[in-house]
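Comments concern the structure below.
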Amino acid sequence: MTANGWIHLNLRQSCRCPHCWKYFAPEDSCWIAAHHDLIGDVRLGDDAPLRFLPSRFDVDGKAIDSRGLACSEIACPNCHLQIPRAVLEINPLFISIAGTPSCGKSYFLASMTWQLRRTLPQYFRLGFADADAVSNQILNDYEEQQFFNADQNKVIKLAKTDVHGDWYSQVQYESQVVTYPKPFLFTVRPQRNHPAIKYDRRVARMICLYDNAGESFQAGADTVVNAVTRHLSVADCWMFCFDPTQDPRLRADCHGISDDFQMVDAPVTARQETVFHEMVSRIRKHSHMTETDRTDRPLIILCTKYDAWWHLFGKQRITNPWSSNGDRLATFDWQFVRKASNKLRDLINRYSPELVSNAEAFSNNCYFLPISATGVAPERDPETGNFGIRPANMNPMWCDVPLLVVMAERTKALLPKLKKNSNSEKRHE
């Protein structure tokens with residue numbers, strides 16, 4: 001509140017809902033009734049709190065519901081799903097993630113957010129925080145299982161992304177019920193010692209991550225009422241998890257080199273290029289792109305489970321692509337990432353040329369990045385017989401790099417690049 005009693009709000013002129021992707025003006029936001037008697041919403045059903053457009057506010061700027069209680073939560077005026085305050089204040093960065101079943105997406109997501117919570121503040125002076133703990137509950141549970149488990153030696157196995165249940169929200173539009181995916185929402189903003197701190201509101205971003213079960217990309221699964229992959233058309237970047245251990249051609253070359261059960265005994269193989277083709281087809285259809293159009297938005301092919309096939313790439317652990325000198329702000333080594341990407345692109349092209357050609361026919365800005373969400377091979381749980389990972393052995397590799405690439409591409413003020421021929425920098429392992 002200012003000295004003259006006015007409340008100053010830094011709101012964007014137009015916002016986009018992270019649930020239904022409709023644009024709306026901040027002043028059209030619905031508020032969620034706080035009084036327990038105000039139950040029943042036209043979009044969300046009889047058990048949901050009422051959504052309403054307020055006519056009264058308290059001195060703190062909170063809407064007052066019809067029973068006189070101050071409200072603190074807001075919702076999208078179209079789908080009525082709850083949205084964090086950051087939607088009204090910070091520019092969004094939409095990222096879609098796709099892949100086949102058992103490709104390692106769940107493990108990657110948990111390791112990515114875990115690494116980013118440490119990498120961004122420590123090296124880049126950027127805060128990385130949950131924008132909505134409710135939306136992020138599933139992912140936070142994954143992080144806790146992998147990195148905060150009380151029993152560090154217990155073999156854990158993360159639940160796969162489901163095709164229904166807690167992963168999704170259902171909204172009633174007159175006689176039609178539409179299913180939307182629940183996004184994972186985070187904020188990235190400069191800390192006080194970042195050079196862009198004075199432009200905090202302008203350069204900060206709300207990261208909206210979308211994950212779908214591989215089954216969602218089956219032919220015929222994309223319908224008006226099943227809008228679980230429609231985020232693809234609004235995404236600023238796409239990440240496709242390509243699992244080399246599911247490719248029988250690559251597995252054959254690892255025979256006798258890798259003893260990872262995923263290479264030797266696991267029965268899982270998949271035509272991953274068909275899922276990728278379906279993903280691209282949906283992007284083209286809902287973005288009004290022709291079959292020959294190419295996009296400049298980044299497409300990142302995440303080659304998962306690197307610890308199982310590193311023998312083909314040449315190095316067991318890959319150096320982190322950022323450099324710093326003492327306490328100075330780290331710089332992102334773009335050339336190092338490009339070099340690794342080109343090398344991996346040539347490797348994958350030997351085994352799955354159809355994936356590489358389809359990716360490069362769609363985007364002018366492709367990356368091929370090696371990642372390992374665990375850093376170690378799964379082992380069999382002696383009690384259950386299931387394969388999983390002991391938290392004590394978790395050692396992710398490059399799971400934070402994909403988002404760093406997106407930020408360097410789309411939010412250059414937050415992530416400076418390493419200058420050419422810089423000899424004074426020290427790379428971090």
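The values are calculated or read from the model by the stated rules, or taken from the named source; none is laboratory data. Keep in mind it's a predicted model, so treat the numbers as computed, not measured. Here the Cβ is made from the backbone with ideal geometry for all residues, glycine too, and neighbour counts use every protein chain on show. Please note that ligands, DNA and RNA were not included when accessible areas were found on the heavy atoms of the full protein model with its side chains. Shrake-Rupley method; radii C 1.70, N 1.55, O 1.52, S 1.80 Å.
Summary table
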{"read-out": "Looking only at region 111-139, and only at residues there that are open to solvent by less than 10 Å² (accessible area, probe 1.4 Å), of a type in the set (A, V, I, L, M) and in contact with a Pro (Cβ under 8 Å, 6 or more places away or on another chain), the one that is farthest from C303 (Cα to Cα)", "value": "L126"}
{"read-out": "Yes/no for I348 being in contact with a strand residue (DSSP E or B) (Cβ under 7 Å, 6 or more places away or on another chain), farther than 30 Å from T290 by Cα and touching a residue at least 40 places away in the same chain (Cβ under 8 Å)", "value": "no"}
{"read-out": "Breaking point among (1) modelled with pLDDT under 95; (2) in contact with an Asp or Glu (Cβ under 7 Å, 6 or more places away or on another chain); (3) farther than 30 Å from H286 by Cα; (4) open to solvent by less than 60 Å² (accessible area, probe 1.4 Å), for N10", "value": "(4)"}
{"read-out": "Boolean, D47 is out of contact with any Lys or Arg (no Cβ under 8 Å at 6 or more places or on another chain), assigned to a loop (DSSP other than H, G, I, E, B), acidic (D, E) and open to solvent by 40 Å² or more (accessible area, probe 1.4 Å)", "value": "no"}
{"read-out": "Region 140-161, subset within 16 Å of the chain's Cα centre (by Cα) and assigned to a loop (DSSP other than H, G, I, E, B), residue surrounded by the fewest Cβ atoms within 10 Å (Cβ to Cβ)", "value": "K160"}
{"read-out": "Unique residue being more than 17 Å from L403 (Cβ to Cβ) and of a type outside the set (A, V, I, L, M, F, W, C) when the list is R201, R205", "value": "R201"}
{"read-out": "Any chance P54 is modelled with pLDDT under 95, open to solvent by less than 40 Å² (accessible area, probe 1.4 Å) and touching a strand residue (DSSP E or B) at 6+ places or on another chain (Cβ under 8 Å)", "value": "yes"}
{"read-out": "Subset of region 162-193 that is within 22 Å of L116 (Cα to Cα) and within 17 Å of the chain's Cα centre (by Cα) - its residue that is most open to solvent (accessible area, probe 1.4 Å)", "value": "R189"}
{"read-out": "Complete set of residues in region 310-323 that are open to solvent by less than 20 Å² (accessible area, probe 1.4 Å) and in contact with a Phe, Trp or Tyr (Cβ under 6 Å, 6 or more places away or on another chain)", "value": "P321, W322"}
{"read-out": "Considering residues of region 211-229 that are part of a helix (DSSP H, G or I) and among the small types (G, A, S) only, the residue modelled with the lowest pLDDT", "value": "G214"}
{"read-out": "Qualifying residue in region 327-340 (condition: in a helix (DSSP H, G or I), farther than 30 Å from W21 by Cβ and open to solvent by less than 20 Å² (accessible area, probe 1.4 Å))", "value": "yes"}
{"read-out": "Residue match in region 95-110 (condition: among the β-branched types (V, I, T), open to solvent by 10 Å² or more (accessible area, probe 1.4 Å) and closer than 30 Å to Q13 by Cα)", "value": "no"}
{"read-out": "Selection count where residues are out of contact with any Ser or Thr (no Cβ under 9 Å at 6 or more places or on another chain) and small (G, A, S), scope region 277-332", "value": "3"}
{"read-out": "Selection within region 93-139 - among the charged types (D, E, K, R) and assigned to a helix (DSSP H, G or I)", "value": "K105, R117, R118"}
{"read-out": "Top-ranked residue of region 286-309 - restricted to ones that are touching an Asp or Glu at 6+ places or on another chain (Cβ under 8 Å) and assigned to a loop (DSSP other than H, G, I, E, B), ranked as surrounded by the fewest Cβ atoms within 10 Å (Cβ to Cβ)", "value": "R297"}
{"read-out": "Within region 310-326, considering residues that are among the small types (G, A, S) and in a loop (DSSP other than H, G, I, E, B), the one nearest to the chain's Cα centre (by Cα)", "value": "G314"}
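This table checks each residue for (1) at pLDDT below 90; (2) surrounded by 19 or more Cβ atoms within 10 Å (Cβ to Cβ); (3) among the aliphatic types (A, V, I, L, M).
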| site | (1), (2), (3) |
| --- | --- |
| A359 | no, yes, yes |
| S363 | no, yes, no |
| L369 | no, yes, yes |
| T374 | no, yes, no |
| L404 | no, yes, yes |
| K412 | yes, no, no |
| K417 | yes, no, no |
| K426 | yes, no, no |
| E429 | yes, no, no |
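Residue-by-condition table, conditions (1) part of a loop (DSSP other than H, G, I, E, B); (2) of a type in the set (G, A, S); (3) in contact (Cβ under 8 Å) with a residue 60 or more places away in the chain:
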| residue | (1), (2), (3) |
| --- | --- |
| W21 | yes, no, yes |
| E27 | no, no, no |
| W31 | no, no, no |
| R43 | yes, no, yes |
| P54 | yes, no, no |
| S66 | yes, yes, no |
| S72 | yes, yes, no |
| N78 | yes, no, yes |
